[in-house]
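Colleague: Here it is, the structure, as structure tokens.
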Amino acid sequence: MDTLLQRLGALAQTDGDHGTAIPALRVYRRSKTTDPMPCIYGLGLGITVQGGKRVSLSGEIFDYGPGQSLVTSVDLPVVSYVTRASAAEPYLAVGLELDAGTIAQVAASMDFTGQPAARSARAMAVVTLDQGLLEALTRLIGLTAEPQLIPLLGPLTMQEIIVRLLSGAHGPALRHLVTAGTPSQQIAKVISWLKGHYREDFPMDDLAVQAHMSPSTFRQRFRAVAGMSPLQYLKQLRLQDARQLMLNEDIDAGSAAVRVGYESASQFSREYTRLFGAPPLRDIRRLQV
């Protein structure tokens, strides 16, 4: 872990989110704790190397610090914040985006005979970071200092990371979500569809038809994977999109509400306040300070 800490410190010498020469790899640094921030966690691996972080998924709490890894298997609306950080020992973490197609391809070539089944369908989990995964991730980050080697060694190291994830403690849940025909994989497909169509108006029961499930079974399976109902998930996608529209395009709350699919401005304001802790105008002003 010391080597990884040194490499992250070299890459992130100031607070913020730092991209690297490897597009899927980002480094995060904070010198003080942060306020809870609603955001979307996509398919990926997160490792806190110094400090601590808390992620809340519809009331379910995931705390993780050095020696632990967090994997999100589908896009999930969460609230996250740094819980331990200081100027002397800043929060340092690494995030690695994963590709579902690559995971499925690698999983198809592996033998999981005798491996345990997933204990939970939840698409987010924190487990102890195993040494092999730590070493592979450290090597991947080390490649950022040798950019000429990234095209050759980057894909190989990424594949090793995926193999280690599939064969380790995160494996059962990941395999369940990429195995064709499983209920979790059907839910993952619906979530992927929702990402591209959440601004549209459609009957919620149409999602159950997509998943080839009855409405009641679909709602049950969806909650098991995403930690919330399909309607709650849809609302969070819309509200977070509206927040970004107001920040990036400087439009008013009413216009943003219509853009993301709300018909009632008052309903939008109520649900926005419930999620972000302040009405739209006050929240945006707070973010712009």
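Derivation of every value follows stated rules applied to the coordinates shown; laboratory data play no part. Quantities reported herein were computed from a predicted structural model and do not represent experimental measurements. Here the Cβ is made from the backbone with ideal geometry for all residues, glycine too, and neighbour counts use every protein chain on show.
Colleague: Say a site is exposed when it is one of the GluC sites (Glu not before Pro), sits in a DSSP loop, and has at most 14 other Cβ atoms within 10 Å; what is then the longest site-free stretch of the chain?
Modeller: 1-199
Colleague: Let me ask something else about it. Using label points projected 7 Å from each Cα along Cα→Cβ, tell me how many nm separate Thr102 and Ile40, to one decimal.
Modeller: 2.0 nm
Colleague: Okay, moving on. For segment 2-177, rounded, prolate or oblate, judged on the Cα gyration tensor with a ≥ b ≥ c (square roots of eigenvalues), a/c < 1.5 rounded, else prolate if a/b > b/c?
Modeller: Oblate, because a/c is 1.5 or more while a/b does not exceed b/c.
Colleague: Please list, ordered by chain and number, the residues whose modelled amide H lies under 5 Å from the amide H of Gly52; skip anything fewer than 5 residues away on the same chain.
Modeller: Thr83, Arg84
Colleague: Take the alpha carbon gyration tensor of segment 183-289, find the square roots of its eigenvalues, order them as a ≥ b ≥ c, and report rounded if a/c is under 1.5; if not, report prolate when a/b exceeds b/c, else oblate.
Modeller: Prolate.
Colleague: Tell me which of Val74, Pro151, Ser120 sits at the most positive position along the dipole axis of the chain, charges placed on C-beta atoms (Lys, Arg +1; Asp, Glu -1).
Modeller: Projecting each Cα onto the dipole axis, the largest value belongs to Ser120.
Colleague: Taking the Cα centre of the chain as origin, sum charge times position over the Cβ atoms of Lys and Arg (+1) and Asp and Glu (-1), and report the length of that vector in debye to the nearest 20.
Modeller: Taking the Cα centre of the chain as origin, the dipole is about 580 debye.
Colleague: Return the distance in nm (one decimal) between the two label points of a simple spin-label model at Met1 and Glu89, each offset 7 Å from Cα along Cα→Cβ.
Modeller: Going by the 7 Å Cα→Cβ label model, 1.0 nm.
Colleague: Among Ala265, Ala107, Ala188, which one shows the highest mean-square fluctuation when the chain is modelled as a Gaussian network with alpha-carbon springs under 10 Å?
Modeller: With Cα springs under 10 Å in the chain, the top fluctuation among Ala265, Ala107, Ala188 is at Ala265.
Colleague: Sequence-distant or interchain residues sharing an amide H contact under 5 Å with Tyr41, placed H: which?
Modeller: Leu76, Val78
Colleague: Continuing with the same structure: Within segment 116-191, list the trypsin sites (Lys or Arg not before Pro) lying in a DSSP loop whose Cβ has at most 11 other Cβ atoms in a 10 Å radius.
Modeller: Answer by residue number: Arg119.
Colleague: Order by neighbour count: Ile150, Ile61, fewest other Cβ atoms within 10 Å first, most last.
Modeller: Ile61, Ile150
Colleague: Given the DSSP H assignment, sum -39500 (n - 2.57) over each helix run of at least 4 residues in the chain and divide by its residue total; what's the result at 222 nm in deg cm²/dmol, nearest 500?
Modeller: It comes out at -15000 deg cm²/dmol, rounded to the nearest 500.
Colleague: A further question follows. Which shape class applies to segment 95-228: rounded if a/c is under 1.5, otherwise prolate when a/b exceeds b/c and oblate if not, where a ≥ b ≥ c are the square roots of the Cα gyration tensor eigenvalues?
Modeller: Taking the square roots of the gyration eigenvalues as a ≥ b ≥ c, segment 95-228 is prolate.
Colleague: Taking the Cα centre of segment 27-163 as origin, sum charge times position over the Cβ atoms of Lys and Arg (+1) and Asp and Glu (-1), and report the length of that vector in debye to the nearest 20.
Modeller: Result for segment 27-163 is approximately 440 debye, rounded to the nearest 20.
Colleague: Please work out how much length the chain gains when fully extended from Leu281 to Phe202, using 0.36 nm per residue of separation minus the C-alpha to C-alpha distance, in nm with one decimal.
Modeller: 25.6 nm
Colleague: If amide hydrogens are placed 1.01 Å from N in the peptide plane, which non-local residues have theirs closer than 5 Å to the one on Asp99?
Modeller: Sorted by chain and number, the residues that satisfy this come to none at all.
Colleague: Run down the lysines and flag those whose C-alpha is under 21 Å from the C-alpha of Lys189, throwing out any fewer than 8 positions away in its chain.
Modeller: Those lysines meeting the cut-off are Lys235.
Colleague: Ranked by Cβ crowding within 10 angstrom, fewest neighbours first, how are His212, His170, His18 ordered?
Modeller: His212, His18, His170
Colleague: What list of ³J(HN,Hα) values in whole Hz, one per residue of segment 226-237 in order, does the Karplus curve 6.51 cos²θ - 1.76 cosθ + 1.60 (θ = phi - 60°) give from phi, with Gly and Pro shown as x?
Modeller: Residue by residue, segment 226-237 yields 9, x, 7, 6, x, 5, 4, 4, 4, 4, 5, 4 Hz.
Colleague: Putting +1 on Lys and Arg Cβ atoms and -1 on Asp and Glu Cβ atoms, find which of Gln244, Val55, His170 reaches farthest to the positive end of the dipole of the chain.
Modeller: Selected residue: Val55.
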